[in-house]
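See structure below.
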Amino acid sequence: MRVSRPAVVWSVGAVLCVSYLALAVRAQPPAGPRPALSGTVRMASRTVMEGVAVSARATNRPMTTTVFTDQQGVYVFPPMDGGTYRVGAQAAGYEAARAKVTLDTAQTTRQEFTLNPIKDFTLQLSASEWLEALPERTFEDRRLKEIFRVQCTECHQASLVLQNRFDEQGWLAIIGAMEPTGRWDKGLKQARSTPSKPIQFHKAELAKWLAKMRGPGPSPMKMPAAPRRRPSGEAARVVITEYDVPPAHTPTELVPGNGSDWSEGSASWINGGRGLHDVAIDVNGNAWVTNWHANTNAVRTLMRIDHRTGHIKAFGVPDGRGGAATGHGIVADPNGTLWFNADARLGRVDPATEQIDMFTPPVGLSIGGTLDTDKDGNVWVGTNHGALVFDPKKKTFRYFQNVSIGGATYGIATDVLGNAWWGLWTNDKVGHADVKTGKTYEIRMRPADAPGPASYMTPLDREFYLNNGALTFMPENHVPGSQVPRRLGADKNGSVVWVANWWGGNLARIDIKTRKATYHYLPYKGLQPYSATVDGNHMVYMNTNDDAVAKLDPKTGEWTVFLLPSHGTEVKHIMTDSRRGDVWVVYAATSRVARLQFRTQAQIKSLQSNSTEAQASR
């Protein structure tokens, strides 16, 4: 089916932009040598510690850089600008150690840290560790654990919920507050409210079960005797830069609890930190990020972050109601032009001129979810019951309809042939469009050994979910035992599309020629992938529910897990910078954007050698 008509181009002259200068300084790197910071982290017993996160933040910039210690307990930062920095070392199971250092261009600075163990490290546990601790001995344990997972961790990490203790009435109040789905502002007032039927149905038994698991009395949960092993090898060689972004409704204030202090547990977006969603990188290496929460007192649909200084410039597309339209997905095409969706329309940004154009889809076909561009520069986006492809030259849309009813389109990716694949997350399928034939197909998402919904349901449960359109027309997929294909990533240099099955805890590999799927489970139980992206070397990266980025090497089947330096991040998007090899993620709950850069062992040894020589020459 083909639907096309002239696009409505929104006037560029009405684009509003604002720079957040109060929280970022345009600083130029100093000429000549640049200072280095290194040191060793030990326990109180003087034993060296591997995999400790060491973070440094300049006092005049909204940026934090984190590195990890090696097998000898040694950390070394990349060259940094001179100035005053706040430095801290953190590891799960230990108290943080902090210091203030001054770097100058004439010498190398060393800062040693000693970490002391703590008895209660539950606030530092990851989401998957909490999920692993929940019992599965009986059918009711398995059933209620699965109901909790799909009802209570769709918008929150499990750690945010389970780090608290309440009695049954307290949990009823918490679940009651979460019962209406929609968006909440900083004052806990809901801007949009739709009652969640599954939460209403399970509310009473969930509250009783949570009071048993995390109430004032003894719990049957099997808590870990020690935190999970810290990063090592490749995972400890990463450099992570976190950029703080003031929320749209408080453009001169940063989020008070951004997850950087692990002793505070997982951060909550109720603190006003929710709003950022997707990221794309322009030809200059700067990050463009969408803002997906309504902001009537600010002008921000998307923003540009200078990767060198953290300086932010915001751009608003008027929503016609006196505020800024909400943005969601964003992608860069092969020529460097950026495409995004906002308030059911398609937007285009020229990073060089900062010109924004808006295009309106055919009547009845709104634009939502995420975007991707194909080899010819066409833009693919999700829409009602299928996908749309936009031809920028002709300014026309073409519609590809789903094979079956239901299945809200969310993630979308284009393969090396120019065909599109999209996730139908509410009915556990992946849609596929063949551009040449105009046909659409569906691929069912479910590993052969995965327990289905019936494995977690009583007869009463089955009747409820059947009557409410489970895995067909149900608007939200909160079905126990479902896979929920969220976001996809295509290998632009290969013949594979990767699908992040959120509830399934697996990564599906679809052969684009045969449309057959095989599955890779993530490296440990309870870890869930949300979005997938593929770099130029065929490596697959995904953000997870664990404040971590996981990487799969398709050739060897080996996993590497990179620990993020903040807790409660609720990452919604991950992307690779094809020009530089970096990986970027967006902290949707704590208003930060992070860049992961990867160092080789030889590069680190060179930095350590330079640091030693500089110390010896003093």
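Since every read-out is calculated from the coordinates, none of them should be taken as a lab result. Just so it is clear, the structure is predicted and the values come from calculations on it, not from any experiment. We place every Cβ from the backbone using ideal geometry, glycine too, and count neighbours over all the protein chains shown.
Across the stretch 40-57, rounded Karplus estimates of 3J(HN,Hα) from the backbone phi angles (6.51 cos²θ - 1.76 cosθ + 1.60, θ = phi - 60°) give 10, 10, 10, 6, 4, 6, 6, 5, 6, 10, 8, x, 7, 7, 10, 10, 10, 10 Hz, Gly and Pro being marked x.
Computed over neighbours whose Cβ is under 10 Å from that of TRP498, the net charge equals +1, Lys and Arg +1, Asp and Glu -1. Among the trypsin sites (Lys or Arg not before Pro) in the stretch 506-590, those placed in a DSSP loop whose Cβ has at most 15 other Cβ atoms within 10 Å are LYS513, ARG515, LYS516, LYS525, LYS555, ARG579, ARG580.
Taking the fewest neighbouring Cβ atoms within 10 Å as the starting point, the ordered list for THR396, THR590 is THR396, THR590. Taking Lys and Arg as +1 and Asp and Glu as -1, the other residues whose beta-carbon sits under 10 Å from that of ALA588 total +1. Only Cα pairs under 8 Å and 6+ residues apart enter the sum, and on that basis the relative contact order of the chain stands at 14 percent. Answer rounded, prolate or oblate for the stretch 415-550, using the Cα gyration tensor with square roots of eigenvalues a ≥ b ≥ c: rounded when a/c is under 1.5, else prolate when a/b is larger than b/c, else oblate. Here the stretch 415-550 falls in the oblate category.
Quick check: residue separation of VAL48 and LYS222 times 0.36 nm, minus the Cα distance between them. What number comes out in nm? Could the numbers behind the result be given before it?
Values: separation 174, 0.36 × 174 = 62.64 nm, distance 2.93 nm.
That works out to 59.7 nm of additional length.
Report summary: the helix-based calculation at 222 nm, which adds -39500 (n - 2.57) for every DSSP H run with n ≥ 4 and divides by the residues of the chain, gives -4000 deg cm²/dmol. Scaling against 2.2 N^0.38 Å puts the C-alpha radius of gyration of the chain at 0.95. Shape class of the stretch 149-280 from the Cα gyration tensor (axes a ≥ b ≥ c, square roots of the eigenvalues): oblate, since a/c reaches 1.5 or more and a/b does not exceed b/c. Rg and Dmax, both from the Cα atoms of the stretch 31-119 and both in Å, are 13.1, 48.
Net charge near LYS100: determine it from the other residues with C-beta under 13 Å of the C-beta of LYS100, scoring Lys and Arg +1 and Asp and Glu -1.
Numbers: positive: ARG57, ARG86, ARG98; negative: none.
It works out to a net charge of +3.
With 0.36 nm allotted per residue and the present C-alpha distance subtracted, the THR84-THR437 stretch has 120.9 nm of extension available. Membrane-span-like helices in the chain, defined purely by DSSP H runs whose alpha carbon atoms cover 18 Å or more axially and whose average Kyte-Doolittle hydropathy reaches -0.5, are 197-213. Once the gyration tensor of the Cα atoms in the stretch 507-611 is diagonalised, the equivalent ellipsoid follows with semi-axes of 25, 19, 13 Å, ordered largest first. Starting from the Cα gyration tensor of the stretch 219-314, take the square roots of the eigenvalues, sort them a ≥ b ≥ c, and report rounded, prolate or oblate (rounded when a/c is under 1.5, otherwise prolate if a/b is larger than b/c, else oblate). Here the stretch 219-314 falls in the oblate category. The phi torsions of the stretch 386-400, fed into the Karplus equation with coefficients 6.51, -1.76 and 1.60 and a -60° offset, translate into couplings of x, 9, 10, 10, 10, 8, x, 6, 8, 6, 10, 10, 10, 9, 10 Hz, rounded to whole numbers, with Gly and Pro shown as x. Rg and Dmax of the stretch 92-145, both derived from C-alpha coordinates alone, stand at 20.4, 66 Å.
With no solvent and one point on each alpha carbon, what is the Debye value of log10 I(q)/I(0) for the stretch 241-280 at q = 0.16, 0.22, 0.28 Å⁻¹? Per q value, in the given order, log10 I(q)/I(0) is -0.42, -0.78, -1.10.
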